[in-house]
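To start, the structure itself, in structure tokens.
The values are calculated or read from the model by the stated rules, or taken from the named source; none is laboratory data. Predicted, not measured: the structure shown is a model, and the values here were computed from it. Cβ sites come from the backbone with ideal geometry, for glycine too, and all protein chains shown count toward neighbours. The area values use the complete protein model at the heavy-atom level, side chains included, leaving out ligands, DNA and RNA. Shrake-Rupley method; radii C 1.70, N 1.55, O 1.52, S 1.80 Å.
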Amino acid sequence: MKHSTYKILMISLVFGLFNCGQKNSEQSEMESENNVMKNETVEVTKAQFEQSKMTLGNLEDKPFPTVVNVNGMIDVPPANRAVVSATMGGYIKTTPWLIGDKVRKGEVLVSIENPEFVALQQQYMEINEQLTYLKAEYDRQLTMKAENITSQKSFLKAESDYKTAVATHMGLDKQLRMLNISPSKVRVGIISSVVNIYAPVSGSITKMNVTKGAYVSPATEILEIIDNKHIHLELSVFEKDIMKVKKGQHIDFKIPEISTEPFKASVYLVGTSIQENRTIKVHAHIENEADNTFLTGMFVEAAIVTESTSAKALPSEAVIEFDGAFYVLVLHKKEADTYYFSQEKVEVKESYDGFSNIENTDGFTENTQFLTKGAFSLLGG
């Protein structure tokens, strides 16, 4: 019995020592791994340096802005957007355009047919013919009144009939012109049941709401035309940030679905009223807008730069993140055809426009050289 107990104790002791050794070994490996970034010196030959197109650089003073992040969309001024509708109701006779087609100002968009157009032109012809007689009768009564050979009643009736006819004639003339019907053609007997609607602006058709044969009323939006020659940003800024936004401030914006590099813009107008969602509209002009093919309605993410400070920085590709910490390669010395770099831990406050703001720069001088390109292949690879 004693022999068995002794045997069991020996076996337990052996296993305990083995497990303890294994844990110490694992812990040592982890510590070694964590210290790799701190203790290792990196050697790079001149051939490797040139083949990998590595570069050296120094700390630089770079601007790091304070920004207000907002969302918005690409839009056009009201003058560059036109909704086309009919002055009077009717049936669509022709509609040759499709969404995306480009039209010029004055081109025929659709034609509308309605018997009421004929009745309107008929009324105009009738009143036009009556005007000659009524004008003659008014002139006659005016002469007779001057000679006191007509009654006041007859004169006033002739005057009223003539002026009423003139007003009716002018009103019908205006209605015909609004329908794009020429009154001069109607006066010579050319009457049509079809009228054309013309493009009020040049641009692209973005909406087409009717088909051939459909009836449209004056309230119907037949189609929409947008001229993209001048576009802008329409941004929504929250109430808490609006006091920081001023005219002329720089804006970086992206279209998340299509762009990785930011585009440039500047604040042009700041709204003076708060919307229902507690935001204020900010209107911004895009730089070099002709060089890009933005479309109205595109969603944008923008950063309005409200102020800027200068700080010491390195290109962001020179800073490598490892295990939650940031490191750079500092040129320690160069002997013959070999570069010797030491790995230094740094603190990165923020990054902007391809540069990282380095906070702990006390150990570096203006002559300290860093590997600004190619560090990732050495530290992060």
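Amide H contacts of residue 214: 92, each under 5 Å away and 5 or more positions distant or on a separate chain (H built 1.01 Å from N in the peptide plane; Pro and chain starts excluded).
Based on C-alpha pairs under 8 angstrom that are at least 6 apart in sequence, the range 48-131 has a relative contact order of 22 percent. From the residues 88, 242, 376, which one has its Cα farthest along the dipole of the chain in the positive direction, the dipole being from +1 and -1 charges on Cβ of Lys/Arg and Asp/Glu about the Cα centre? The one lying farthest along the dipole's positive direction is 88.
For the chain, the dipole from Cβ point charges (+1 on Lys and Arg, -1 on Asp and Glu) about the Cα centre works out to 1560 debye, to the nearest 20.
Largest GNM mean-square fluctuation across 297, 363, 106, computed for the chain with C-alpha springs under 10 Å, falls on 363.
Using alpha-carbon pairs under 8 Å, 6+ residues apart, how would you state the relative contact order of the range 268-368 in percent?
19
Using a simple spin-label model with pseudo-atoms 7 Å out from Cα toward Cβ, residue 187 and residue 337 lie 9.7 nm apart.
Which percent of the Cα-Cα distances in the range 341-380 go past 17 Å? Here the long-distance tail beyond 17 Å is 39 percent of all Cα pairs in the range 341-380. Within the same chain, aspartates and glutamates fewer than 8 places from residue 333 are excluded, and of the rest, those with a Cα less than 18 Å from its Cα are 40, 43, 50, 344, 366.
In the chain, a dipole from Cβ-located charges (positive for Lys and Arg, negative for Asp and Glu) runs towards its positive end, and of 72, 206, 284 it is 206 whose Cα lies farthest in that direction. Each Cα pair under 8 Å and six or more residues apart adds its sequence gap; the mean of these over the residue count of the range 196-243 is a relative contact order of 39 percent. Residues 306, 211 ordered from highest to lowest accessible area at a 1.4 Å probe: 211, 306.
Just from its helices, what would the mean residue ellipticity at 222 nm be for the chain, if runs of 4 or more DSSP H residues each count -39500 (n - 2.57) and the sum is divided by every residue, rounded to the nearest 500 deg cm²/dmol?
Only helices count here, giving -10000 deg cm²/dmol.
For the residues 184, 356, a 1.4 Å probe over the protein chains yields an accessible-area ranking, largest first, of 184, 356. Rounded to the nearest 20, the size of the Cβ-charge dipole of the range 213-346 about its Cα centre is 560 debye, with Lys and Arg at +1 and Asp and Glu at -1. Of the GluC sites (Glu not before Pro) found in the range 286-347, the ones in coil according to DSSP and having at most 15 other Cβ atoms within 10 Å of their Cβ are 287, 347.
Taking the solvent-accessible surface of protein heavy atoms with a 1.4 Å probe, what is the per residue accessible area of the range 124-227 in Å²?
Working: 6100 Å² over 104 residues.
In whole numbers, the range 124-227 has 59 Å² accessible per residue.
Projecting the Cα atoms of 352, 268, 328 onto the charge dipole of the range 247-381 (Cβ charges, centred on the Cα centre) puts 268 farthest toward the positive pole.
Between the exposed loop cleavage positions of the chain, defined as trypsin sites (Lys or Arg not before Pro) in a non-H, G, I, E, B DSSP state with at most 12 neighbouring beta-carbon atoms within 10 angstrom, the longest gap is 105-211.
The magnitude of the dipole of the range 89-235, with charges of +1 and -1 set on the Cβ of Lys/Arg and Asp/Glu and taken from the Cα centre, is near 200 debye. Looking at the range 278-379, the accessible area is 55 square angstrom per residue; that uses a 1.4 Å probe and ignores ligands, DNA and RNA. Shown for the chain: the carbon plus sulfur share of the solvent-accessible area, taken with all protein chains present and a 1.4 angstrom probe, equals 53%. Eigenvalues of the alpha-carbon gyration tensor of the chain, scaled by 5 and square-rooted, set the equivalent ellipsoid semi-axes at 85, 27, 21 angstrom, largest first.
With one equal scatterer per alpha carbon and no solvent term, the Debye-computed log10 I(q)/I(0) for the range 60-161 at 0.12, 0.17, 0.19, 0.21 1/Å reads -0.76, -0.95, -1.05, -1.15. Sparsely packed loop sites in the range 169-262 (the GluC sites (Glu not before Pro) outside DSSP H, G, I, E and B with at most 11 other Cβ atoms within 10 Å) comprise 257.
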